[in-house]
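The values are calculated or read from the model by the stated rules, or taken from the named source; none is laboratory data. All figures in this text were calculated on a predicted structure; none of them were measured in a lab. Note that each Cβ is placed from the backbone with ideal geometry, even for glycine, and that neighbours are counted across all protein chains shown.
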Amino acid sequence: MTDHTNLKLAVLIDADNAQASIVEGLLAEIAKYGTAHVKRIYGDWTTPSLGSWKEFLLRHSIQPIQQFRYTKGKNATDGAMMIDAMDLLYSRHFDGFCIVSSDSDFTRLASRLRESGMTVYGFGEQKTPEPFVAACDKFVYTEVLRPEAANDSTTRKSGKDLRRDTKLVSLLRAAVDGASDDAGWAGLGSVGSAIAKRSPEFDSRNYGYAKLSGLLKAIQLFDIEERQVGRGPHKALYVRDQQGAHD
């Protein structure tokens with residue numbers, strides 16, 4: 001089984017379509033998936049609008065790539081990012097790419113990278129068009145990466161609100177069913193993997209819960225059981241859909 005935490009990643013940031021306030025959270029998130037061997041950020045650094053980024057570049061060893069705007073109102077960084085991405089792909093030194101942008105223009109790039117066997121992680125705001133989100137193996141909405149997000153309890157949805165979200169309920173039930181054994185129980189890790197395959201943008205933090213287990217407990221539609229793993233101290237969570245569990 002591939003150890004995803006050892007993936008060699010190339011991080012490409014569209015400065016015109018990302019906020020500097022997410023940098024700390026972004027790099028911490030990327031570290032969960034692998035090691036960022038290349039970190040580049042693209043934009044026209046002669047414009048005042050990108051001034052907020054500059055203090056983070058040296059601190060986090062992010063290489064700024066200058067791209068002048070040849071036409072007023074047009075984002076010139078897209079082409080530069082795409083060319084660099086293909087050069088990095090052909091170098092064969094990387095296992096995956098992190099594309100940081102809310103711009104749908106990167107949809108084809110994400111698809112092309114995946115066609116070449118790369119793992120693609122997308123990062124963008126919730127306004128990001130669905131085609132780009134769907135083109136990635138996993139997509140993280142950057143709102144959950146902002147410093148204040150960790151302490152903002154107002155974004156947490158109640159169990160009642162969660163149960164009203166029919167799309168969420170269907171996703172969770174399908175994932176549990178697909179990963180379950182004959183008794184209906186499924187390991188939480190397997191459920192998480194099944195969800196990721198069906199919905200790359202799923203993230204329990206979007207609903208105000210740090211972990212999937214917290215979301216499943218809050219929705220109150222599943223039985224959750226903690227089991228001993230082997231003879232050691234490690235324990236694992238198992239989940240079963242209450243609907244039909246006692247038929």
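Structure notes:
- So I195, is it among the β-branched types (V, I, T) and either in contact (Cβ under 8 Å) with a residue 40 or more places away in the chain or assigned to a strand (DSSP E or B) (or both): no
- Residue count for the range 94-105, restricted to those that are over 19 Å from V23 (Cα atoms) and at pLDDT below 95: 2
- When we screen D16, D87 for residues that are in contact (Cβ under 8 Å) with a residue 12 or more places away in the chain and not in a strand (DSSP E or B), the only hit is D16.
- Entry remark, the range 126-142: residues being surrounded by fewer than 18 Cβ atoms within 10 Å (Cβ to Cβ) and part of a helix (DSSP H, G or I) number 3 in total.
- If you filter the range 51-70 down to residues that are of a type in the set (A, V, I, L, M) and not in a strand (DSSP E or B), you find that the one that is modelled with the lowest pLDDT is L58.
- Here the condition is being in contact with a strand residue (DSSP E or B) (Cβ under 8 Å, 6 or more places away or on another chain), of a type in the set (D, E, K, R) and farther than 21 Å from L7 by Cα; of E143, E130, E125, it holds for E125 alone.
- Residue in the range 220-234 that is out of contact with any helix residue (DSSP H, G or I) (no Cβ under 7 Å at 6 or more places or on another chain) and assigned to a helix (DSSP H, G or I) present: no
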